[in-house]
Amino acid sequence: LDFSCAIFDHDGNLVANAPHMPVHLGSMGESIKTVMRENAGRMRSGDVYVLNDPYNGGTHLPDVTVISPVFDEAGSDILFYVGSRGHHADIGGTTPGSMPPDSDHIEQEGVLINNFKLVDGADGILREAEARAMLQGARYPARNPDQNMADLRAQVGANQKGVEELRKMVAHFGLDVVRAYMGHVQDNAEEAVRRVISALKDGSFHYELDNGAHIDVAIRVDQATRSAEVDFTGTSGQLPNNFNAPSSVCMAAVLYVFRTLVDDEIPLNAGCLKPLKVIIPPGSMLNPHYPASVVSGNVETSTCITNALYGALGVMAAAQGTMNNFTFGNARYQYYETISGGSGAGEGFDGTDVVQTNMTNSRLTDPEILEFRFPVRLESYEIRHGSGGAGRWHGGNGGVRKVRFLEPMTAAILSNNRIHAPFGMAGGQEAERGRNRVERADGRVEELGHIGKTDMAPGDVFVIETPGGGGYGEPA
């Protein structure tokens, strides 16, 4: 379920979405606006575009976005846009699964796609030969173009369903009504966030990552205008590793956090951001320049941004602060998963055990499917009891996942909070840190850091212990 579908208005603003992956949805609007800008006056009905460029609204290269303009029945005017973003199992790069732990240049992470026309509306034909040439023409090309093309066809199909349903809606209610309500839902979201802001106070937070970088954020509330400034000045500069997060990812984290403060049932949309001024210094790790590597920024740094924002707001202890990105593969197989941990506690509620937290909402592959499709065995997956932080309300526990390899493959881990523990709040205690290791078939145990890559032999077991969530309030 590492995919998202969304609807955008004529100006490229997010209107509504399927509530799948927050890190996708808050950033996809920039991809829409890139396609609008690069193809102004040239788009026609039936055109479909694809991109994954992190510097133009993308997140990291495996997240591929397919965008379709929605024209009126006459094919003359663009009414809306629909988009689908899905994480491809492999898009090239130096390691199978396209999540290299040691990349320092964007080309090492796979095929960079920006504003590629996938379907030409003139004839409605998928430009398969050109797409395959692109996938295979990079320095580190995609390993399984057949799989990429199948996923792209699925995304084109999802978009076409969205196009058809929007046209039905316009035919039933009329264009003026549909556009008016697209404005109403954004206005309602804006007002809901303004009401929340009126109850907030100024705050700031300093958040340390395992790689030595740090995120600084200050939130300044203007009660008179019911608006807030979110300022990331002081955050580490662009990093020589891949924990740089594109500015679109940072905006997605801000959008997510302020949406979660609203109790009302509203769709996540661009209206949530209207009361907010967000300052992200250019050239920082949250607004890097090409050719910065970014594969961990989307999955790891985004979780750290949300923790830092909750810390500055004082509303919740840290969640596990990582997605525990586990990849393995070889020339034939490529696999990627994120692994759950503990969520943070807050005033009046405990954290949750072994759950996807904040910026991710993906589902693990069923064990039967995993073992059927790949030469591995899931030895065990269990709650890591005692790993949540103590407090009046305790943090959620992390998990322990063990995967035994049956064939030689390369495995990699991208994670965080192996050195720094997820923080507690209001007197609550911090959670247990995570741990990565390999138990070799001959009995040796090899410890891995927060990032690592290793060759797995038959019989070797990769063990991932995920962090818990922090506690809230003084323990009784």
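The values are calculated or read from the model by the stated rules, or taken from the named source; none is laboratory data. Note that this is a predicted model, so its numbers are computed, not measured. Virtual Cβ from ideal backbone geometry, glycine too; neighbours counted across all protein chains shown. Keep in mind that these areas ignore ligands, DNA and RNA; they rest on the heavy atoms of the full protein, side chains included. Shrake-Rupley method; radii C 1.70, N 1.55, O 1.52, S 1.80 Å.
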Review point. Taking segment 414-444 only, how many residues are within 19 Å of E382 (Cα to Cα) and hydrophobic (A, V, I, L, M, F, W, C)?
Key: 2
Review point. Assuming R195 fulfils every condition listed in (1) part of a helix (DSSP H, G or I); (2) of a type outside the set (S, T, N, Q); (3) in the same structural domain as V48 (by the TED database) apart from one, which condition is it?
Key: (3)
Check your understanding: Which one of these does E30 not meet: (1) surrounded by 18 or more Cβ atoms within 10 Å (Cβ to Cβ); (2) more than 21 Å from G157 (Cβ to Cβ); (3) touching a strand residue (DSSP E or B) at 6+ places or on another chain (Cβ under 8 Å)?
Key -> (3)
Practice item. Check whether at least one residue in segment 439-447 is under 25 Å from the mean Cα position of the chain (by Cα), more than 13 Å from N324 (Cβ to Cβ) and open to solvent by 40 Å² or more (accessible area, probe 1.4 Å), and report yes or no. Key: no
Check your understanding: In segment 128-156, which residue that is charged (D, E, K, R) and open to solvent by less than 70 Å² (accessible area, probe 1.4 Å) is nearest to T94 (Cα to Cα)?
Key -> R132
Exercise for review: State whether the residues of segment 376-395 include one that is part of a loop (DSSP other than H, G, I, E, B), out of contact with any strand residue (DSSP E or B) (no Cβ under 8 Å at 6 or more places or on another chain) and at pLDDT below 95.
Suggested key: no
Practice item. Collect the residues in segment 1-19 that are crowded, with 19+ Cβ neighbours inside 10 Å and under 18 Å from V64 (Cβ atoms), keeping them in residue-number order. Key: D2, F3, S4, C5, A6, F8, N17
Point to revise | Whichever residue in segment 404-427 is over 19 Å from R384 (Cα atoms) and assigned to a loop (DSSP other than H, G, I, E, B) and, among such residues, is least open to solvent (accessible area, probe 1.4 Å) | key: G427
**Study point:** Hits in segment 298-334 (condition: touching a strand residue (DSSP E or B) at 6+ places or on another chain (Cβ under 9 Å), under 18 Å from R373 (Cβ atoms) and open to solvent by 10 Å² or more (accessible area, probe 1.4 Å))
**Key:** N330, Y333, Q334
Practice item. Name every residue in segment 1-31 that is part of a helix (DSSP H, G or I) and either modelled with pLDDT of 95 or more or more than 20 Å from the chain's Cα centre (by Cα) (or both), in order of residue number. Key: none
Review point. Hey, among the residues in segment 84-112 that are within 15 Å of Y333 (Cβ to Cβ) and among the aliphatic types (A, V, I, L, M), which one's most open to solvent (accessible area, probe 1.4 Å)?
Key: A89
Review point. Taking segment 350-385 as the search range and keeping residues that are open to solvent by 60 Å² or more (accessible area, probe 1.4 Å) and touching a residue at least 60 places away in the same chain (Cβ under 8 Å), which one is farthest from H24 (Cα to Cα)?
Key: E379
